[in-house]
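Here's the structure, in structure tokens; my notes come after.
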Amino acid sequence: MLAAGADAGAGGGAGAADDGADGQDRRGGRGGPGFPGGAGEAAAAAAGRARPVSRARHVPEPGGDAAATTGRRETRRHGFALCVPFPSCLEAEIACGSLAPDAEPHRKAVEKQLTVSGSVLAVRWRAEDPRLLRISVLNFLDHLSLVMRTMRRFGPPISR
Amino acid sequence: MPAQRPWQLGGQILEGALLGRRDDGGGAGAGVRALEPFGARPGARFCLAPGVLSLPARSGIRGPARPGGSQPCRRFLSVSAMPAVLGFEGSANKIGVGVVRDGAVLANPRRTYVTPPGTGFLPGDTARHHRAVILDLLQEALTEAGLTSQDIDCIAYTKGPGMGAPLVSVAVVARTVAQLWNKPLLGVNHCIGHIEMGRLITGATSPTVLYVSGGNTQVIAYSEHRYRIFGETIDIAVGNCLDRFARVLKISNDPSPGYNIEQMAKRGKKLVELPYTVKGMDVSFSGILSFIEDVAQRMLATGECTPEDLCFSLQETVFAMLVEITERAMAHCGSQEALIVGGVGCNLRLQEMMETMCQERGARLFATDERFCIDNGAMIAQAGWEMFRAGHRTPLSDSGITQRYRTDEVEVTWRD
């Protein structure tokens with residue numbers, strides 16, 4: 001069955017930790033799509049002062065100035081991880097191929113990554129808004145279910 | 001079901017097959033099988049029973065000749081030379097799966113998600129409906145076509161434009177079967193699907209296309225490898241205007257709000273004056289919609305007019321606008337053919353008005369029946385068939401759906 005873990009900021013793996021002093025540099029470095037100046041941000045965050053930092057390519061976004069001063073709030077603090085076992089590697093790859101191409105509706109707020117290891121499809125979400133995270137996960141599960149029903153009804157996969 | 005008009009094709013050859021059927025079963029299997037006893041004229045896509053309008057024989061219009069393409073007997077014998085394409089469509093509230101092989105529609109089942117009167121269809125609910133029926137539809141299509149998964153050469157699906165969640169639900173299935181059966185995938189532009197099916201069914205050579213539906217309103221003409229948009233709505237689609245007006249009057253959405261407005265309009269007696277908003281080559285409908293929503297409240301309360309009068313007035317106004325911008329494009333292009341595609345194209349009053357305009361210009365009008373006007377899977381399969389033969393492929397990584405997809409974004413390499 002599915003193994004799901006919800007971690008509020010304390011996930012494992014590269015780039016997943018978001019709180020604490022350690023996280024600050026990485027958080028500043030990763031930021032969101034609107035924050036290209038990684039080094040500048042990390043310095044500002046490390047300085048611990050809430051002041052606007054001028055960036056080389058500042059892309060204004062809704063609440064842009066507010067985001068500059070509330071460095072912690074706009075990063076993706078919420079995470080969700082899902083591991084879906086499949087009967088074979090090929091089927092896991094097929095599921096990944098079907099579910100990965102469509103972009104998230106709220107790209108700036110929620111991102112997800114799909115990877116296949118062995119015959120397991122692993123999906124990791126990071127989101128700043130728990131409501132959008134929930135919507136994204138539920139939609140994903142609906143489509144995952146559809147993919148599985150399709151594979152059951154029209155599979156097994158033709159051998160390559 | 002009203003009688004078919006002379007310029008409507010794709011229906012004349014079927015005896016009674018269309019009468020009374022408004023939806024759910026855009027199947028054309030019977031139509032295709034009926035052709036065989038009469039034999040296929042070289043290059044002709046359809047052969048008509050004696051006594052019915054004949055189509056000009058068309059050869060070489062589709063581009064380079066393919067092996068055996070002009071030999072009538074071989075067309076029906078050699079299966080492997082003829083690619084069979086499976087097409088998935090679900091960008092709005094209709095979901096269809098179609099199979100096309102070498103210009104013949106082998107299957108075209110469809111389902112419509114109908115909401116209660118006074119409501120429209122929302123993306124999440126529509127997607128849920130599509131997910132519930134799509135696998136059954138796929139099975140139906142294969143069975144009706146008499147094909148197995150291995151007989152299919154390519155999987156086509158609607159890449160866009162349309163509503164996000166329904167598009168994803170359908171694309172996900174298309175990608176899955178393409179991988180399961182190890183077949184190439186093709187993302188098709190929905191508007192181009194309509195155009196290619198219109199061309200196939202009617203035999204029009206290079207028409208000015210009026211594409212009118214709930215989601216799109218465009219006047220399109222082909223030029224140098226693009227379907228160029230000559231005029232379009234600057235806000236909402238004409239079908240959207242009609243659908244939202246239907247909600248105000250709580251007109252039933254079964255089989256479609258537009259169909260019911262059309263029936264009511266026939267009983268209208270009084271023309272209520274509405275804003276007429278043609279802007280050069282373009283049109284605008286949102287102003288008319290707000291005006292008529294307002295007028296409806298007032299006039300129905302005072303009994304100044306009936307709902308039928310309002311339906312009649314709305315149709316007369318918006319259709320006249322569409323005829324005007326189509327005529328303008330035809331004048332620019334010096335075109336002698338007009339083709340109506342899209343769900344609103346089923347409307348016989350619109351067809352009548354377009355025919356009047358065409359006759360005045362000495363042009364020919366082409367239209368299809370509800371099987372192919374309304375969103376269906378076979379149109380995606382047909383466009384996919386053209387693209388597949390021209391060498392287009394959509395790698396999985398590029399196969400994401402897109403809600404905005406302009407008709408002129410696609411390079412039409414399959415036409416000269």
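Annotations for the structure displayed:
- Label point of B:Glu224 set 7 angstrom out along Cα-Cβ; within the stretch B:393-416, amide nitrogens under 17 Å from it belong to B:408-416.
- Scanning residues 5 or more positions from B:Arg364 or on other chains, those with amide H under 5 Å from its amide H are B:Glu337, B:Ala338, with H placed 1.01 Å from N in the peptide plane.
- Accessible area (Å², 1.4 Å probe, nearest 10) - B:Trp181: 10 Å²
- All lysines inside 21 Å of B:Lys270 as judged from Cα atoms, apart from same-chain residues fewer than 8 positions distant: B:Lys250
- In this structure, the amide hydrogen of B:Val188, modeled 1.01 Å from its nitrogen in the peptide plane, lies closer than 5 angstrom to those of B:Tyr157, B:Thr158, B:Lys159, B:Gly160, counting only residues at least 5 positions away or on a different chain.
- FRET efficiency for B:Val278 and A:Arg153, using Cβ-Cβ distance with R0 set to 60 Å, rounded to 0.05: 0.75
- The stretch A:112-122 - phi-based ³J(HN,Hα) in whole Hz, Karplus 6.51/-1.76/1.60, Gly and Pro as x: 9, 10, 10, 9, 10, 10, x, 10, 10, 8, 10
- Derived scalar couplings between HN and Hα for the stretch B:198-213 equal x, 5, 5, 5, 8, x, 4, 7, 9, x, 7, 9, 9, 9, 10, 8 Hz in order, rounded to whole Hz, by the Karplus curve 6.51 cos²θ - 1.76 cosθ + 1.60 (θ = phi - 60°), x for Gly and Pro.
- Around the amide H of B:Phe230, modelled in the peptide plane, lie the amide H atoms of B:Val219, B:Ile220, B:Ala221, all under 5 Å away and 5 or more residues distant in sequence or on another chain.
- At a probe radius of 1.4 angstrom, the accessible area of the stretch A:76-142 per residue rounds to 47 square angstrom.
- Cβ-Cβ FRET estimate between B:Leu348 and B:Arg393, R0 fixed at 60 Å, reported to 0.05: 0.90
- Qualifying trypsin sites (Lys or Arg not before Pro) for the stretch B:346-416 [loop in DSSP, other Cβ within 10 Å: at most 12]: B:Arg393, B:Arg404
- Semi-axes of the equivalent ellipsoid for the stretch A:84-147, computed as √(5λ) from the eigenvalues of its C-alpha gyration tensor and ordered from largest down, come to 22, 11, 10 Å.
The values are calculated or read from the model by the stated rules, or taken from the named source; none is laboratory data. All values reported here derive from a predicted model rather than from experimental measurement. Positions of Cβ are generated from backbone atoms using ideal geometry, with glycine treated the same way; all protein chains shown enter the neighbour counts. The area values use the complete protein model at the heavy-atom level, side chains included, leaving out ligands, DNA and RNA. Shrake-Rupley method; radii C 1.70, N 1.55, O 1.52, S 1.80 Å.
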